[in-house]
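Take a look at the structure set out below.
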Amino acid sequence: MKGSFDVDSVEETWALAREFAKELSPGDIVCLEGDLGAGKTTFVQGLAAALGVKGRVTSPTFCIVQEHAGPPAAEAGGDSASGGRRPVLLVHMDLYRLHGEDDVLAIGWEDYLSRGAILAVEWPERAGSLIPPDARHVAFLHMGEENRRIRIDIGDIKSV
């Protein structure tokens, strides 16, 4: 899924995230770019719902990392290297308070990837070279009170 999408509500943002989630696999990195309040956490809430995560999904601004386990991949309609038994793991990171790659590694970056987590990363530039060239980038732009433009691409997004 690539392109620019205009959304006018939380429900439309969640619907877009649900479609986007269909393309995600264990180990994928989703870079979330945009100003405070632009809709990054709302988008992750939609991803979480699509991946079968139960419970509340909030911004990890103050705790830096939040893990959200869903049902085993087979129950979620997916597959995994462990024969469909491994639970879907969505890890939402806010790297704003970190100061570079060493800090990002210290919070368990490599461990999460080795566990097959899908990483949704706010402030991805703090991770530097840890972000692979094939990472998915989702950029958010305020267009009005409830209106957002969301651009989805693979590789760096320079503008929405």
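The residue pairs whose first member lies in segment 87-109 and is without any contact (Cβ under 8 Å) to a residue 24 or more places away in the chain, whose second member is surrounded by 15 or more Cβ atoms within 10 Å (Cβ to Cβ), and whose beta carbons are closer than 7 Å, counting only pairs six or more residues apart or on different chains, are Pro87/Ala69; Pro87/Gly70; Pro87/Pro71; Pro87/Pro72; Trp109/Leu130.
Within segment 70-102, the residues that satisfy the criterion of being under 16 Å from the mean Cα position of the chain (by Cα) and either polar (S, T, N, Q) or modelled with pLDDT under 90 (or both) are Gly70, Val88. The number of residues in segment 124-152 being in contact (Cβ under 8 Å) with a residue 24 or more places away in the chain, assigned to a loop (DSSP other than H, G, I, E, B) and surrounded by fewer than 18 Cβ atoms within 10 Å (Cβ to Cβ) comes to 4. Restricting attention to segment 19-48, the residues being surrounded by 17 or more Cβ atoms within 10 Å (Cβ to Cβ) and either modelled with pLDDT under 90 or not in a loop (DSSP other than H, G, I, E, B) (or both) number 16.
The values are calculated or read from the model by the stated rules, or taken from the named source; none is laboratory data. Since the model is a prediction, treat every value here as computed from it, not as a measurement. Quick reminder, even Gly has a Cβ in these numbers, built from the backbone with ideal geometry, and neighbours come from all protein chains shown.
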